[in-house]
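Peer 1: Mind looking over this structure? Questions follow.
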Amino acid sequence: MDSMTHTAPPARERLTNPLRGIGIRQIRLVSGMILFGYVLSHFVNHALGNISLEAMADGVKLHAGFWQFLPVSIVFYGACLVHTFLGLWALYERRQFRWKTMELIQLTLGLSIPLLVITHVLGVRLALTLYGHEILYPQVLFAYFVSWPAWRIWSLVAAILAAWIHGCIGLHLWLRMKPFYKRAAPLLFAAAVLLPALAILGVYQGGRGVVDSDSVEWRAENLSESQIGTRDQKAALDAAVDYTLIGYLSLIALALLARGARALHERRGGMINLSYGNGRTIRVPKGLTVLEASLRNNVPHASVCGGRARCSTCRIRIIGDHAALPEPSQREAFVLRRVGTDDPSIRLACQLRPAGDLSFFQLFLPHAVSAEGYGSNPTRIGEERYLVSMFVDMRGSTKLAEKRLPFDTVFIVNRFLGAVSQAVLESGGRPNQFVGDGMLALFGLATGRREACRQALRAAAMISANVDELNKFLSHDLREPIRFGVGIHGGEVIVGDIGYRDHMVFTALGDPVNVAARLQDMTKQLTCEAVVSDEVRATAGLAEDALPRHEVEIRGRNEPMIVRSVMETKTLAALLVEEQQAAA
């Protein structure tokens, strides 16, 4: 009995935790996926027009049989209503219109889709529901290609493109952080371009078939009143379309008016002060989230997911009394639980709407590393020269991601790569390739051999210092400090642009680069932070006994290799100083 009592709460928690993470954005995603499934099915049916009009007619029976099945139909039309009203809600709710171009296109297309498809949807579906008219491809294509003005066919093309692009952008924003997406993206892009093109071409081919078949006999068979309705029925359907369009435009106008009324109410309701803990204070209307206030006043604020409550990088810690703050929303509480914090003074800036003055500091400061000055290629394509290659890898990133939101993991990995890149740049090297949580850096593009080796060792020492600072900064968020491994080797390599057309990248190829990668892997076996080839040690001018010596086998090389292990890379800075003083 006792064991059942103890095991019940975790079971309940496993059942309820996923529900706590459901918010408006998750509902919008699910409803959008349902609609995208319908569009995909319909476009495949359109594409059958490239075979024949009869193939389209056969395909639509399967399409309609599934989507008009009562349970499916209820879910589909429910998703239509929910997705439409959530789009209007997004128009009202969004206070900051400094959107990325993709987001702005997505919202604009989403709001325009009902305007483009209302005539078609009501003309087909309402006619079936009210009058029992089964309007299929022959009737629809005759209307677009024969009866109606030419601009109506272009409105159909616009509806196809708007629905497809809107859905593809939504899928991209959802899938872009998934591990498989980078590999699948080329195939998905090809499908995203090919399917609407085939659908439009299928509609055109089907329309041509209808025009070629047009005759008195064909019209008698396909355009009888039992199939397309009487004049009065058409007039009733046209009136329904007009009223629906007016109603939808009124909802858009109402959302815009509500925005204006809210802004006026906020100004009359008073202003509040937000203090960032670094001496900066801004004054904003009540009702804004802290993140919206930061963006509106050009205050840098970390937010990897763009304020969607899909990460915790916008977290802030409240200074002083936090009892008067609004309770966390269901989604905010879910995210905070996911990152393992139960401190009530920590909140998500994208969700918190303070009603009074607030002081806080950001837990994650926005960070960007610029590599300006390295934009031009300093070498010729295919040039052979001596370079020092350094591979740096973050240890334990897989374990780091196990119980962390994907956006948070990306944020931490990017901060690590930023710390490494900063050390490389300040030492005179060049960050070259980023592979997952690792990086290849090159030294010697503008210096001689000795200086290139010293730059690489100096960079390794600075990486240690930068990562130590990063660990202190992230101490509240990491279960254990970030660790890393470094492999350094020099030699003759081929440098130049590698790739194809617009996808060329400057890099180095050759055995020394591969060896540096092997040495980085060897740090795990030797339980040290860095493994340096003896050639780099000697060329840099370090003493023979400065670092422990090892003779190791390198995969892909016939002869053993002499390397030096470095337990802590920060000690390299002192060794370089000692060598310089001895030389002086």
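A short reminder: the numbers here are calculations on the coordinates, not readings from a lab. These figures come from a predicted structure and were not determined experimentally. When we count neighbours, we look across all protein chains shown, and the Cβ atoms used for this are built from the backbone with ideal geometry, even at glycine.
Peer 1: For K234, list the aspartates and glutamates whose Cα falls under 17 Å from its own Cα; do not include residues on the same chain fewer than 8 positions away.
Peer 2: E134, E225, D242
Peer 1: Still on this model: With a cut-off of at most 15 other beta carbons within 10 Å, and DSSP calling the residue loop, which trypsin sites (Lys or Arg not before Pro) in the stretch 402-487 qualify? Please list them. Provide the component values of the computation, followed by the final result.
Peer 2: Values: sites: K403, R404, R415, R449, R450, R454, R458, K472, R479, R483; in loops: K403, R404, R479.
Hits after loop and neighbour filter: K403, R479.
Peer 1: From zero up to wherever the largest Cα-Cα distance of the chain sits, split into 20 Å bins and tell me the percent of pairs in each.
Peer 2: 16, 36, 32, 15, 2, 0
Peer 1: When Lys and Arg each count +1 and Asp and Glu each count -1, what net charge do the other residues less than 10 Å away from N514, Cβ to Cβ, add up to? Provide the component values of the computation, followed by the final result.
Peer 2: Numbers: positive: R518, R555, R557; negative: D511.
Counting the neighbours of N514, the net charge comes to +2.
Peer 1: Quickly rank 542-555, 79-92, 519-532 as a protection proxy: mean count of other C-beta atoms within 10 Å, highest first.
Peer 2: Packing proxy ranking, top to bottom: 519-532, 79-92, 542-555.
Peer 1: Would you mind getting me the FRET efficiency between R176 and V44? Use the beta-carbon distance for r and R0 = 41 Å, nearest 0.05.
Peer 2: Details: r = 25 Å, r/R0 = 0.61.
FRET efficiency, R176 to V44: 0.95.
Peer 1: Can you give me the Kirkwood hydrodynamic radius for the stretch 394-446, using every pair of distinct Cα atoms, in Å to one decimal? Kindly include the intermediate steps, with their values, before the conclusion.
Peer 2: On the way: mean 1/r = 0.0837 Å⁻¹.
It is 11.9 Å.
Peer 1: To the nearest 20 Debye, how big is the dipole of the stretch 465-584 about its Cα centre, given +1 on the beta carbon of each Lys and Arg and -1 on that of each Asp and Glu?
Peer 2: Working: 12 positive and 20 negative charges, 67 e Å.
Dipole about the Cα centre, nearest 20: 320 debye.
Peer 1: Also: Of A255, L62, L104, whose Cα points farthest to the positive end of the dipole of the chain (charges on the beta-carbon: +1 Lys, Arg; -1 Asp, Glu; origin at the Cα centre)?
Peer 2: The residue sitting farthest along the positive end of the dipole is A255.
Peer 1: Report the chymotrypsin sites (Phe, Trp or Tyr not before Pro) located in the stretch 139-183 that are in a DSSP loop and have at most 15 other Cβ atoms inside 10 Å of their Cβ, or state none.
Peer 2: Working: sites: F142, Y144, F145, W151, W154, W164, W174, F180, Y181; in loops: F180.
Qualifying residues, ordered by number: F180.
Peer 1: Contact order normalised by length for the chain, with contacts defined as Cα pairs under 8 Å and 6 or more residues apart; what percent is it? Numbers along the way, then the final one.
Peer 2: Working: 793 pairs, mean separation 63.4, N = 584.
Relative contact order here is 11 percent.
Peer 1: Which residue, chosen from Q227, V284, P328, occupies the Cα position most advanced towards the positive end of the dipole of the chain, where the dipole is computed from +1 (Lys, Arg) and -1 (Asp, Glu) charges on Cβ about the Cα centre?
Peer 2: V284
Peer 1: Let me ask something additional. If the rule is a partner Cβ under 4.7 Å, which cysteines in the chain fail it?
Peer 2: Lone cysteines by the Cβ rule: C80, C168, C314, C350, C453, C528.
Peer 1: Under the rule of -39500 (n - 2.57) per DSSP H run of 4 or more residues, summed and divided by the residues of the chain, what mean residue ellipticity at 222 nm is obtained, to the nearest 500 deg cm²/dmol?
Peer 2: On the way: 20 runs with 325 residues, N = 584.
Estimated from H runs of four or more residues: -18500 deg cm²/dmol.
Peer 1: Under 5 Å between amide hydrogens, which residues at least 5 positions from I346 or on another chain qualify, with H placed 1.01 Å from N in the peptide plane?
Peer 2: I318
Peer 1: Mind checking the dipole of the chain: about its Cα centre, +1 per Lys or Arg Cβ, -1 per Asp or Glu Cβ, Debye to the nearest 20? Mind showing how you got there, number by number?
Peer 2: Numbers: 61 positive and 52 negative charges, 327 e Å.
Magnitude of the dipole: close to 1580 debye.
Peer 1: Could you run the Karplus curve 6.51 cos²θ - 1.76 cosθ + 1.60 with θ = phi - 60° over the stretch 207-215 and give me ³J(HN,Hα) per residue in whole Hz, x for Gly and Pro?
Peer 2: Going residue by residue, I get x, 4, x, 5, 4, 5, 8, 4, 7 Hz, with x marking Gly and Pro.
Peer 1: Give me a comma-separated list of calculated 3J(HN,Hα) values for the stretch 234-244, in order, Karplus coefficients 6.51, -1.76, 1.60 applied at θ = phi - 60°, integers in Hz, x for any Gly or Pro.
Peer 2: In residue order, the calculated couplings are 5, 5, 5, 5, 4, 5, 4, 5, 4, 5, 5 Hz.
Peer 1: In whole Hz and in residue order, list the ³J(HN,Hα) couplings for the stretch 543-552 that follow from phi through the Karplus curve 6.51 cos²θ - 1.76 cosθ + 1.60, θ = phi - 60°; x for Gly and Pro.
Peer 2: Along the stretch 543-552, the couplings run 5, 4, 9, 6, 9, x, 9, 9, 9, 10 Hz.
Peer 1: Filter the trypsin sites (Lys or Arg not before Pro) in the stretch 154-217 down to the DSSP loop ones having no more than 16 other Cβ atoms within 10 Å, then list what survives. Walk me through the intermediate numbers first.
Peer 2: Working: sites: R176, K182, R183, R208; in loops: R176.
Answer by residue number: R176.
Peer 1: Cα centroids of the stretch 407-486 and the stretch 311-356: how far apart, whole angstrom?
Peer 2: 32 Å
Peer 1: With point charges of +1 on the Cβ of Lys and Arg and -1 on the Cβ of Asp and Glu, referenced to the Cα centre of the chain, which listed residue (V30, A163, S359) lies farthest in the positive direction of the dipole?
Peer 2: S359
Peer 1: Still on this structure, please answer the following. Report, by chain and number, residues whose modeled amide H sits under 5 Å from the one on Q433, excluding near sequence neighbours (fewer than 5 apart, same chain).
Peer 2: Residues meeting the criterion, in which the H sits 1.01 Å from N, are L440.
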